[in-house]
1. Label points 7 Å out from Cα along the Cβ direction at residue 18 and residue 30: separation in nm?
2. Would you calculate the separation in nanometres between label points at residue 41 and residue 5, each defined as 7 Å from the Cα along the Cα-to-beta-carbon direction?
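Just so you know, all these numbers are worked out from the coordinates, no wet-lab data involved. Please read all numbers here as calculations on a predicted model, not as lab measurements. Reconstructed Cβ throughout: ideal geometry from the backbone, glycine too, with neighbour counts over all protein chains shown.
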């Protein structure tokens, strides 16, 4: 396998990983923020048993 070929292959792989990973990270962050807001609402409200 020539060096240039393996280099472009790694570049394509990294590019694909970035495209796949970034949306997951953004979704994960928004999910965490939504959960924190929900937890805050529940902790502020008095508990009804």
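1. Computed distance between label sites residue 18 and residue 30 equals 2.2 nm.
2. Rounded to a tenth, the inter-label distance reads 5.7 nm.
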